[in-house]
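The values are calculated or read from the model by the stated rules, or taken from the named source; none is laboratory data. For clarity, every value in this text was computed on a predicted model and none was experimentally measured. Quick reminder, even Gly has a Cβ in these numbers, built from the backbone with ideal geometry, and neighbours come from all protein chains shown. These area figures cover heavy atoms from the full protein model, side chains too; ligands, DNA and RNA do not enter into them. Shrake-Rupley method; radii C 1.70, N 1.55, O 1.52, S 1.80 Å.
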Amino acid sequence: MGLALARTMLADGMDVTIAGRSADRLAAARAELARAGHGKVRTVPADISREQDVANLFAQVARVDHVAVTAADASGVYGRTTGITTAAARAIIDIKLLGAWLVGKHAAGRVTGSITYTSGINAYRPNGSNTIVAAANGALASLACGLALELAPVRVNVISPGWVDTPLWNQIGMDKQAAFTDLAGRLPARRIGTPDDVAQAFVSLTRNEYITATVLHVDGGHRLT
Ligand SMILES: NC(=O)c1ccc[n+]([C@@H]2O[C@H](COP(=O)([O-])OP(=O)(O)OC[C@H]3O[C@@H](n4cnc5c(N)ncnc54)[C@H](OP(=O)(O)O)[C@@H]3O)[C@@H](O)[C@H]2O)c1
């Protein structure tokens with residue numbers, strides 16, 4: 001999703017900085033994005049769960065228009081609660097919730113337009129096999145409300161995607177194709193989401209200056225199934 005958003009922003013002529021833990025994956029993303037548009041691409045290796053990394057990321061810029069957070073590592077956190085290690089539960093909270101908070105903390109004073117976090121359908125439709133991820137995702141709505149007050153007039157929102165076909169699914173350990181076919185038939189949208197569906201939603205939140213402290217559901221109606 002982050003890559004699709006970067007591609008869209010570059011095609012609109014914006015300069016984009018992308019961050020992630022792996023220098024190799026960043027280099028591959030940079031090579032792909034170099035062909036995407038007119039803006040400049042910068043890559044910064046950073047682990048969102050490490051305060052020093054997040055601080056360094058923002059220390060490199062005096063001003064940034066918009067920040068989007070899409071980081072997640074779902075390894076070891078899908079399954080019944082009794083089978084999840086406490087270390088894995090802490091790790092997902094460190095990435096999704098504390099990482100998001102660290103971004104708010106270190107973007108403060110530098111970001112001028114908006115911050116958008118990424119939650120997920122499991123916060124609104126937990127299914128008994130993703131409880132700790134659902135809790136971390138759900139907490140982002142409260143984080144956004146608090147930061148929307150603290151950082152105003154910077155706007156702080158959350159996008160909650162439904163199921164989107166991305167590499168994240170390799171970490172979940174489900175039969176992806178069977179799950180997608182089953183869900184697509186039941187969704188009001190009649191298909192699984194694409195990274196571009198979510199990228200377009202991010203862009204709309206950067207543009208609409210009257211949306212703040214809001215969760216935007218980009219889930220094809222998944223909450224109604
Ligand atoms: N795909 C879905 O169906 C779905 C549904 C609902 C919600 N979501 C949410 O949507 C967001 C985007 O997911 P996606 O599907 O695009 O996942 P993805 O393809 O696996 O991408 C996740 C990105 O996060 C980076 N990352 C992981 N841990 C990180 C860390 N500690 N610090 C910095 N970067 C980190 C990864 O890069 P490195 O590994 O190189 O760091 C990767 O680029 C996530 O928040 C996810 O929970 C996804």
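Consider the range 111-129. How many of its residues are assigned to a loop (DSSP other than H, G, I, E, B) and surrounded by fewer than 24 Cβ atoms within 10 Å (Cβ to Cβ)?
Residues of the range 111-129 that are assigned to a loop (DSSP other than H, G, I, E, B), as a first pass: 119-120, 124-129.
In the following step, the residues that additionally are surrounded by fewer than 24 Cβ atoms within 10 Å (Cβ to Cβ) were identified as 124-129.
Count: 6.
Quick check on the range 22-34. Is at least one of its residues under 16 Å from ASP196 (Cα atoms), more than 12 Å from the ligand (Cβ to nearest atom), open to solvent by less than 40 Å² (accessible area, probe 1.4 Å) and of a type outside the set (D, E, K, R)?
Yes, that holds for at least one residue.
Please determine whether any residue of the range 94-105 is part of a helix (DSSP H, G or I), more than 15 Å from the ligand (Cβ to nearest atom), more than 17 Å from ILE18 (Cα to Cα) and open to solvent by 70 Å² or more (accessible area, probe 1.4 Å).
Within the range 94-105, one or more residues are part of a helix (DSSP H, G or I), more than 15 Å from the ligand (Cβ to nearest atom), more than 17 Å from ILE18 (Cα to Cα) and open to solvent by 70 Å² or more (accessible area, probe 1.4 Å).
Name the residue that is nearest to the ligand (Cβ to nearest atom), counting only residues in the range 70-85 that are over 15 Å from ILE48 (Cβ atoms) and open to solvent by less than 40 Å² (accessible area, probe 1.4 Å).
Among them, the one singled out is VAL77.
Pick out the one residue from ALA144, ALA100, ALA123, ALA135 that is out of contact with any strand residue (DSSP E or B) (no Cβ under 8 Å at 6 or more places or on another chain) and aliphatic (A, V, I, L, M). Outline the logic, then answer.
On the way: ALA144 fails: out of contact with any strand residue (DSSP E or B) (no Cβ under 8 Å at 6 or more places or on another chain); ALA100 fails: out of contact with any strand residue (DSSP E or B) (no Cβ under 8 Å at 6 or more places or on another chain); ALA123 fails: out of contact with any strand residue (DSSP E or B) (no Cβ under 8 Å at 6 or more places or on another chain).
When all the criteria are applied, what remains is ALA135.
Please enumerate the residues belonging to the range 173-225 that are modelled with pLDDT under 95 and within 24 Å of ARG7 (Cβ to Cβ).
The answer is LYS176, and nothing else.
Residues are listed down the side, and each one gets a yes or a no for (1) surrounded by 15 or more Cβ atoms within 10 Å (Cβ to Cβ); (2) more than 15 Å from the ligand (Cβ to nearest atom):
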{"residue": "LEU151", "(1), (2)": "yes, yes"}
{"residue": "ARG155", "(1), (2)": "yes, yes"}
{"residue": "GLN177", "(1), (2)": "no, no"}
{"residue": "ARG190", "(1), (2)": "no, yes"}
{"residue": "VAL198", "(1), (2)": "yes, no"}
{"residue": "ARG207", "(1), (2)": "no, yes"}
{"residue": "VAL218", "(1), (2)": "yes, no"}
